[in-house]
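For reference, the structure is listed below as structure tokens.
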């Protein structure tokens, strides 16, 4: 194995890039492994209007390019590709990609979470152009317009209620005739006059890919099989997120939904391993909170390295 690094960061969204920036400025010479989907979920976003310092907004890919360039300026080493295996118990911590193997005193996990999607080709094509997985991020763009929320859990209810602040109408589509959401969230949504209900329905298509914007959705009744078109200008998919933690299962403490558990900042159950961003945050899921936790992870890693006993520091 080559020489031991101070910090390896897995993931290149706002959390990973902020961790890299802080670690680089602390002269820790971090290595950041970008992953195959470099830049994270913001690469699927068009205008970002709620990131501080950009009063006129900034395109998601442009924001990530700026953050990457800033981390590189201070000496972050970037490695393209995906991590294939990790050993969190080895000293140094072992991180493997398809091309190389690295050893590190500390590891910062910033692998994020992936929004579950409906699996429609039109959904992918129109992502960021009327299709969204984040009401808090994109609701403002749909002022006075009809939109839809797809899902039946607490998140879907919460997003539907939130979106009524902006939309003229919110149509909630769920494939079953009963909701998974808690009673209190259901009651809150049902009491809102702006929300219309399409239970026992599924979305077959989102239109119009030809125009590059959402104009309607084609829904199908699961009882009669009948299809009909519902005019909407936005579709918010709220069927949950999957944290990208498969690499770490059995090696680190996760909650029941697979998110990494952190304490006292970004610390995990494994000494020297830190987690930040959506891989450990299933509540806020914002670029700015991810960036903040990336800062915490880098500072925690720096403190950990400073306190490694001298006889272990060169292992």
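The values are calculated or read from the model by the stated rules, or taken from the named source; none is laboratory data. Every value quoted in this text rests on a predicted model; they were computed, and no experiment measured them. Virtual Cβ from ideal backbone geometry, glycine too; neighbours counted across all protein chains shown.
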Query raised in the report: Taking the range 268-311, which residues are under 16 Å from residue 15 (Cβ atoms), in contact with a strand residue (DSSP E or B) (Cβ under 6 Å, 6 or more places away or on another chain) and not in a loop (DSSP other than H, G, I, E, B)?
Result: 273, 274, 275, 278, 279, 297, 300, 301
Query raised in the report: Restricted to the range 227-243, and to residues that are at pLDDT 95 or above and in a loop (DSSP other than H, G, I, E, B), which residue is nearest to the chain's Cα centre (by Cα)?
Result: 233
Report summary line: residue 16 meets each of (1) within 17 Å of residue 134 (Cβ to Cβ); (2) within 14 Å of the chain's Cα centre (by Cα); (3) modelled with pLDDT of 90 or more with one exception, condition (1)
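Looking for whichever is assigned to a strand (DSSP E or B) and not assigned by TED's automatic domain parsing to the domain that holds residue 86 here; the options are 171, 178. Which one fits?
Only one candidate qualifies: 171.
Can you find a residue in the range 108-126 that is in a strand (DSSP E or B) and at pLDDT 95 or above?
Going residue by residue through the range 108-126, those that are in a strand (DSSP E or B) are 108-109, 113-115.
Next, from what is left, pick out any that are at pLDDT 95 or above: 108-109.
Yes, the range 108-126 has at least one match.
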Query raised in the report: Has the range 79-87 got at least one residue that is over 27 Å from residue 258 (Cα atoms) and either surrounded by fewer than 21 Cβ atoms within 10 Å (Cβ to Cβ) or assigned by TED's automatic domain parsing to the domain that holds residue 267 (or both)?
Result: no
**Report entry** Some residue of the range 116-124 being surrounded by 16 or more Cβ atoms within 10 Å (Cβ to Cβ), in the same structural domain as residue 227 (by TED's automatic domain parsing) and more than 14 Å from residue 217 (Cβ to Cβ)
**Finding:** no
Requested in this report: Go through the range 67-105 and give me each residue that's out of contact with any strand residue (DSSP E or B) (no Cβ under 8 Å at 6 or more places or on another chain) and in a helix (DSSP H, G or I).
Outcome: 67, 69, 70, 73
Report task. Please tell me if residue 147 is in contact with a helix residue (DSSP H, G or I) (Cβ under 9 Å, 6 or more places away or on another chain) and either in the same structural domain as residue 260 (by TED's automatic domain parsing) or over 18 Å from residue 213 (Cβ atoms) (or both). Result -> no
Query - Selected residue (only one of 97, 76 is at pLDDT 95 or above, in the same structural domain as residue 19 (by TED's automatic domain parsing) and surrounded by 14 or more Cβ atoms within 10 Å (Cβ to Cβ)) - result: 76
Requested in this report: Mind listing whichever residues of the range 127-145 are surrounded by fewer than 18 Cβ atoms within 10 Å (Cβ to Cβ), in contact with a strand residue (DSSP E or B) (Cβ under 8 Å, 6 or more places away or on another chain) and not in a loop (DSSP other than H, G, I, E, B)?
Outcome: 141
Requested in this report: Could you tell me whether any residue of the range 43-58 is in a helix (DSSP H, G or I), buried (at least 20 other Cβ atoms within 10 Å of the Cβ) and touching a strand residue (DSSP E or B) at 6+ places or on another chain (Cβ under 9 Å)?
Outcome: no
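Can we say residue 272 is under 30 Å from residue 130 (Cβ atoms), modelled with pLDDT of 95 or more and buried (at least 16 other Cβ atoms within 10 Å of the Cβ)? Even if it seems obvious, please write down each step before you answer.
Numbers: under 30 Å from residue 130 (Cβ atoms): no; modelled with pLDDT of 95 or more: yes; buried (at least 16 other Cβ atoms within 10 Å of the Cβ): yes.
So residue 272 does not fit the description; no.
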